[in-house]
Amino acid sequence: MPKLLQVCHQIAPKINFRLIGFAKDSVGELLENQEIDLALGVFQNPPRQTIQMPLFAEHFVGICRRGHPVITQNAIAPENFANLLHALFTIRQDEVGEIDKVLAQSNLQRRIVLTTPHLLVLPAIISSSDLVAAVPSRLVTSLADQGAVEIFELPIQTQPWMISMLWSRLTDQDQANSWLRQMLKSICEEI
């Protein structure tokens, strides 16, 4: 988002952005009613009245505070990883994420001591605690460069996923919407 804001401020300084959270089952209606112009996320079964464009593949990495014992180990074993104190981002208000499903295949279970529906608060919490978290890699790259957290490779294999952009078929030919889609696509290709 920072790169998109920077580019748009130079090219189209009067453009405004409003980021909102939404239930995935309402995305088609929001786009159809033109309450939103675009939706970004993981859409395995996008609504029929929308068009989907894949933007980039994403995968999980681990994050921990600087100096956490997990980063002093060359390769952490899955059992040791499961025994750490974990934070989980979830919008479903549950305590089961993709990491838990993979750990369960090896009869392992992690202790989740914190769940949050707000992904962007995790790095701040992690940087000042002994918790670890599995997060999308692009989220934390710049934060790690700033020294807020350390990134480590997970000791388990998780499947990558595709982040896509959706828009309504009604706005497919709209010049402003088309321009915004192209800007976002170009920026995603650079990162």
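Read-outs: derived from the displayed coordinates by stated rules, not from any lab. Keep in mind that what you see is a predicted model, and the values were worked out from it rather than measured. With ideal geometry, Cβ positions are generated from the backbone for all residues, glycine too; neighbour counts draw on all protein chains shown.
Please give me, ordered by residue number, the trypsin sites (Lys or Arg not before Pro) of region 63-126 that lie in loop per DSSP and have at most 10 other Cβ atoms within 10 Å. Before the final figure, lay out the partial values.
Numbers: sites: R65, R66, R92, K101, R110, R111; in loops: R65, R66, R92, R110.
Qualifying residues, ordered by number: R92.
When both bridge partners sit in the chain, DSSP labels roughly 70% of those beta bridges antiparallel. Between I125 and Q146, the modelled label-to-label distance comes to 1.8 nm, taking each label 7 Å out from Cα in the direction of the beta carbon. Counting neighbouring Cβ atoms within 10 Å and putting the fewest first, the residues I191, I15, I126 line up as I191, I15, I126. Please give me, ordered by residue number, the GluC sites (Glu not before Pro) of region 47-144 that lie in loop per DSSP and have at most 16 other Cβ atoms within 10 Å. For GluC sites (Glu not before Pro) across region 47-144 that sit outside H, G, I, E and B with at most 16 neighbouring Cβ atoms in 10 Å, the list reads E95. I'd like the orientation of helix 2-11 relative to the chain: the angle between its Cα long axis and the longest Cα principal axis, in ° from 0 to 90, rounded to 10. Tilt of helix 2-11: around 20 degrees. Bridging of K24 to lysines at a Cα separation below 26 Å is possible for K3, K101, K185, once same-chain residues fewer than 8 apart are set aside. Given the chain reduced to its alpha-carbon atoms as identical point scatterers, what log10 I(q)/I(0) does the Debye formula return at q = 0.13, 0.17 Å⁻¹? Result of the Debye calculation: -0.79, -1.17. Secondary structure note: in region 60-152, about 50% of the DSSP beta bridges are antiparallel.
Neighbour counts of other Cβ atoms within 10 Å put L88, L170 in the fewest-to-most order L170, L88.
A simple charge model with +1 on the Cβ of Lys and Arg, -1 on the Cβ of Asp and Glu and nothing else charged puts the dipole of region 60-152 at about 60 debye relative to its Cα centre.
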